[in-house]
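Let me begin by presenting the structure, written as structure tokens, before commenting on it.
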Amino acid sequence: MISFEDFKKVDIAVGQILSAEKIPETDKLLKLSVDLGETQPRQIVSGISIHFPDCAVLVGKKCMFVANLEPRIIRGVESQGMILAVSGGDGKFSLLSPNDEIIAGTRAQ
């Protein structure tokens, strides 16, 4: 369990995926360029490629991201956030997505 005060520290934002590409020599990693409403796009590495064999389907999609994680190097590539998704034991998978009218950069309240 975490306290409500700890939860309030998490910066959850709407991001629009600008590009997506498989990271060579990995089974599940994608490198995403994401518009979080900032001056420059963020680079985010995520292990979701097994769910998106054609990662081009992600381009233009709006999803929810954690925007205030410390940058981390994953297989030699810097990741500046985390995409939010859910999966069940039955193999079903879904990215968390806002309504279409919500703009990139909108923060969860």
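Taken together, the values in this text are just the output of simple stated rules run on the coordinates, not laboratory data. Since this is a predicted model, take the numbers as computed values, not measurements. Because the Cβ atoms are built from the backbone with ideal geometry, glycine has one as well, and the counts that use them run over all protein chains shown.
Go ahead and run the numbers for FRET between residue 28 and residue 70, Cβ-Cβ distance against an R0 of 30 Å, rounding to 0.05.
On the way: r = 22 Å, r/R0 = 0.72.
Efficiency, from the Cβ-Cβ distance: 0.85.
For residue 70, what charge total do you get from the other residues with a beta carbon under 14 Å from its beta carbon, if Lys and Arg give +1 and Asp and Glu give -1? Please list the in-between numbers first.
Working: positive: 9, 42, 72; negative: 11, 78.
Residues near residue 70 contribute +1 overall.
Given +1 on the Cβ of Lys and Arg, -1 on the Cβ of Asp and Glu, and no further charges, what dipole in debye does the chain carry about its Cα centre, rounded to the nearest 20?
Numbers: 12 positive and 14 negative charges, 15 e Å.
The dipole of the chain has a size of about 80 debye.
Compute the distance in nm between two label points, each set 7 Å from the Cα along the Cα-to-Cβ direction, one at residue 94 and one at residue 43.
Each label point is offset 7 Å from its Cα along the Cβ direction, giving 3.2 nm.
Identify which of 76, 15, 88 has the largest mean-square fluctuation in a Gaussian network model of the chain, with springs joining Cα atoms closer than 10 Å.
The residue with the greatest mean-square fluctuation here is 88.
Connecting C-alpha atoms closer than 10 Å in a GNM of the chain, tell me which of 60, 37, 91 has the biggest fluctuation.
Evaluated over the chain, the most mobile residue of the options is 91.
Quick query: amide H of residue 96 versus all other amide H atoms, modeled in the peptide plane; which residues come in under 5 Å with a sequence gap of 5 or more or a different chain?
64, 84, 85, 86
Exposed loop sites here are GluC sites (Glu not before Pro) in DSSP loop states with at most 10 other C-beta atoms within 10 Å. What is the longest stretch of the chain lacking them? Before the final figure, lay out the partial values.
Working: sites that count: 25, 101.
In short, 26-100.
Please build a GNM for the chain, connecting alpha carbons under 10 Å apart, and tell me which residue among 46, 94, 19 fluctuates the most.
Its mean-square fluctuation being the largest, the pick is 94.
Residue by residue through region 20-35, which ³J(HN,Hα) values in whole Hz follow from phi under the Karplus form 6.51 cos²θ - 1.76 cosθ + 1.60 (θ = phi - 60°), with glycine and proline marked x?
Couplings: 8, 9, 5, 7, x, 6, 10, 8, 10, 8, 10, 9, 10, 9, 10, 8 Hz.
So what is the relative contact order of region 22-109, in percent, for Cα pairs below 8 Å that sit 6 or more residues apart?
Numbers: 134 pairs, mean separation 22.4, N = 88.
Relative contact order of region 22-109: 26 percent.
With label points built 7 Å along Cα→Cβ from the Cα atoms of residue 102 and residue 18, find their separation and express it in nm.
That separation, rounded to one decimal, is 2.1 nm.
Hey, can you grab everything whose amide H is under 5 Å from the amide H of residue 48? Only 5+ residues off in sequence or another chain; H modelled, so Pro and N-termini drop out.
30
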